[in-house]
Amino acid sequence: MRTTFVSNGLEERPQGFYERKPFVLFIAKDENIVSNMEQMLVDEHRFLYSVTSEWKQVELSLHSQIPIVIVLLHKDGETVDPVIDGMIRQFCEYFKVSVVLCNREMAVEQTRLPHSFFANPYDRKGLIELVRKLIQLRSISYIDLETGLLNQLFFERVYKWQLAACKRTKVPFSLVFLSLSSYREWKDTYGLLTLRKIKEEWIDQIQEKVRDSDFVFSFGQENEVILLLPYTGEEEARSFLKRFENDGKQLRVSHDETELSVDLHLSGVVVEIRQSSVEHIEVTRKAREMMASLDVSSVVTVDDYLKKEIEPIKVTIIEPDEVFRHVLVNLMNRLEMDGFEFQIKDFEDGQSFLESDYYQSAHTHIVILNDILPHRSGLELVYELRGKPNTNKYLITMLSTRRAEEDMIYAFESGVDEYIVKPFTIHLLEAKIKRLLRRYR
């Protein structure tokens, strides 16, 4: 049977947070602080956590989970890494996240970022207690008190986060709108108390079937549950519904001191989303309009958001020979691929490219460069690009007269994606660029 509230060691809250532990991200510059905090948290079972000093790990954590609290552990006088600062600011635009800064001197300099300050040197037990209190405050604001499921506020934030992930990874996600077909009939026949028991048992069945990465919401409609399935297409979402329907065709609840068995008939709308500009209000309205006209035990699909968006791709050509550089530019101007729009610039050396602002956007960026360049070599430029944030956006093709195996291996180990030995045909280069983009997509 369903228990409405469970103890989580902080205070009691609805079970509808579906026993998913909150996630806390601790960030420090000093490896000793990281090690000490990890030892402090080794017996912590109230929340999941990650402790790191690397911006790449921070980026991975923000993309894979949704922290409810972010703690910046700094020594006095240390500044927040600008890359990490930018990541957190962008993340906080989507989610209501508590940011704690453990540095007394930084309170004046970085007032835009943190919501709480914890003076240095800090008592670690006191800091953990603060984190627990913040988790409690944040968790309550995300819960629908009627069902114990996640509410509209959290839905809006997770939806935005998933849109950003869809844009970044090119992998779709799906929303599934579910309703009980006999809901009104049960309401008239059994009354509100029994109806609530039926709905609770139904929700429990859903929570048992979803993956750890899935989200279950309830808002706006009393006879509706919304599933958000990350990195899931329409076909996989339908398979989930079929398994759920096969495994849970009947519900058993008590009614007037007798056990009642009710047949479970579901209606559903599946929405696969591949477009990063679709507003959640539009999707919800469309799905609910279709739901209102469904027959009993039927599932339909909304296919309005399947068309892939045109993605801008930056292209940089770095070649000292002016004639050959123009040949490469003309090649990229003629190149056509569905779903991509190329923005092309050329440079005669790597230094002028790095001094421009052309490399700084988050767009996928094709870089075609000679290995021999003025001022700094092509490999030195590759090192520079591979050391920057979001380095995976660079798809690097190196052109070289060196054909020895050790030269090629060294280039690949340095971060080159494609290595083409001169002389070569333009058709070969075109084919390799297309393969890079297909692999990227």
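The values are calculated or read from the model by the stated rules, or taken from the named source; none is laboratory data. Owing to the predicted nature of the structure, the values given are computational and were not obtained by experimental measurement. Using ideal geometry, Cβ is built from the backbone for each residue, glycine included, and neighbour counts are taken over all protein chains shown. Just the protein is used for accessible areas: all its heavy atoms, side chains included, with ligands, DNA and RNA removed. Shrake-Rupley method; radii C 1.70, N 1.55, O 1.52, S 1.80 Å.
What lysines does K388 reach when the alpha-carbon gap must be under 19 Å and sequence neighbours fewer than 8 apart in one chain are set aside?
K29, K56, K314
Got the relative contact order for the stretch 321-403 handy, in percent, Cα pairs under 8 Å and 6 or more residues apart?
Details: 71 pairs, mean separation 22.4, N = 83.
Dividing the mean separation by the residue count of the stretch 321-403 yields 27 percent.
Under 5 Å between amide H atoms, partner at least 5 residues away or on a different chain: which partners does I313 have, H built in plane at 1.01 Å?
Here E341, F342, Q343 satisfy the definition.
What is the antiparallel percent of DSSP beta bridges lying wholly in the chain, to the nearest 5? Before the final figure, lay out each step's value.
Numbers: 25 of 71 bridges.
Approximately 35 percent, going by the DSSP bridge assignments.
What accessible area, in Å² to the nearest ten, does a 1.4 Å probe give for L251?
0 Å²
Percent relative contact order of the chain, based on C-alpha pairs within less than 8 angstrom and at least six residues apart?
On the way: 675 pairs, mean separation 43.4, N = 441.
In percent, rounded to a whole number, it is 10.
When the chain is treated as a GNM, springs tying every alpha-carbon pair under 10 Å, which of K242, K160, K308 comes out with the largest mean-square fluctuation?
Its mean-square fluctuation being the largest, the pick is K242.
So what are the three principal axis dimensions of the chain from its Cα atoms, in whole Å, longest to shortest?
88, 58, 36
Beyond a 28 Å Cα-Cα separation, which of these cross-linked pairs lie in this structure: K160/K197; K307/K393; K167/K345; K286/K308? Before the final figure, lay out the partial values.
Details: K160/K197 33 Å; K307/K393 23 Å; K167/K345 24 Å; K286/K308 19 Å.
Beyond 28 Å: K160/K197.
On a 0 to 90 degree scale, rounded to 10, what angle separates helix 152-169 from the longest Cα axis of the chain?
Helix 152-169 sits roughly 30 degrees off the main axis of the chain.
Identify, among Y49, F217, P374, the residue whose Cα sits farthest towards the positive end of the charge dipole of the chain, taking +1 on the Cβ of Lys and Arg and -1 on the Cβ of Asp and Glu, with the dipole about the Cα centre.
F217
Where does each of 322-332, 372-382 land if you order them by average Cβ count within 10 Å, highest first?
Working: 322-332: 14.8, 372-382: 17.1.
Peptide ranking by packing, descending: 372-382, 322-332.
Pick from I135, I66, I409 the residue whose mean-square fluctuation is largest in a GNM of the chain, springs joining Cα atoms under 10 Å.
Sorting by GNM fluctuation, first place goes to I409.
Using the Cα centre of the chain as the reference point, and only Cβ charges (+1 on K/R, -1 on D/E), how large is the resulting charge dipole? Debye, rounded to the nearest 20. Could the numbers behind the result be given before it?
Numbers: 57 positive and 71 negative charges, 52 e Å.
In total the dipole reaches around 240 debye.
Let me know the charge dipole size of the stretch 313-408 about its Cα centre in debye, to the nearest 20, where only the beta-carbon of Lys, Arg (+1) and Asp, Glu (-1) is charged. Could the numbers behind the result be given before it?
Working: 10 positive and 17 negative charges, 50 e Å.
Using Cβ point charges on Lys, Arg, Asp and Glu, the stretch 313-408 gives about 240 debye.
For the stretch 300-441, divide the Cα radius of gyration by the Kirkwood radius and give the resulting Rg/Rh value with two decimals. Walk me through the numbers before you get to the answer.
On the way: Rg = 15.8 Å, Rh = 15.9 Å.
Rounded to two decimals, Rg over Rh is 1.00.
If amide hydrogens are placed 1.01 Å from N in the peptide plane, which non-local residues have theirs closer than 5 Å to the one on I372?
Here the answer is G378, since their amide H atoms fall under 5 Å of that of I372.
Explain nothing, just the number: dipole magnitude of the stretch 236-368 about its Cα centre with +1 on each Lys and Arg Cβ and -1 on each Asp and Glu Cβ, in debye rounded to the nearest 20. Please list the in-between numbers first.
On the way: 15 positive and 27 negative charges, 86 e Å.
With Lys and Arg at +1 and Asp and Glu at -1, about 420 debye.
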